[in-house]
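> Structure in structure tokens, see below.
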Amino acid sequence: MASAGRRGPYFCGIDAAMDVVSGKWKSLILWELHQYGARRFAELRRGLPGVSEKMLTQHLREMEEDGLVHREVFGEVPPRVEYSLTEHGVTLNTALESLAQWGSARIERIGAVRLDAQGDSGAPPAPGAAVAGRGPSRL
């Protein structure tokens, strides 16, 4: 269920969609859960180099409130929590596929480096290249 802060009014459908995926990491969380299925918090954090624990927690809570992510708590010792996409989250990922294709074409067009799951391009950075503070480009 969407939080009280995410119920419009909206100018158009794009406005409503961007309200749900706004934030640097949300689209990458969607991608990670789509690509690998249910993930524990630490697995998500490892898969998203550069995301802080606080930001990942905040985005996961918002995405759960918006009905995109399911949080399952297992009654085990130690406690285990897994995150997965809901059906609503899957439909959003489907909608984002054309944007991902556009982004991939842009990466090629501008000659940008595509990072792997560890945030590494596999090649040493060019002399003088600024790489700090950049999130992974996977879509």
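> Using modelled amide H (1.01 Å from N, peptide plane; none on Pro or chain starts), what sits under 5 Å from the amide H of residue 69, excluding residues fewer than 5 places away?
64, 86
> What is segment 24-74 by shape, rounded, prolate or oblate, if you read a ≥ b ≥ c off the alpha carbon gyration tensor as root eigenvalues and call it rounded for a/c under 1.5, prolate for a/b larger than b/c, and oblate otherwise? Could you put the intermediate results ahead of the total?
On the way: a/c = 1.30, a/b = 1.14, b/c = 1.14.
Rounded is the answer for segment 24-74, as its axis ratio a/c remains below 1.5.
Computed from the coordinates by the stated procedures, all read-outs in this text should not be read as laboratory data. Because the structure is a prediction, the values reported are computed rather than measured.
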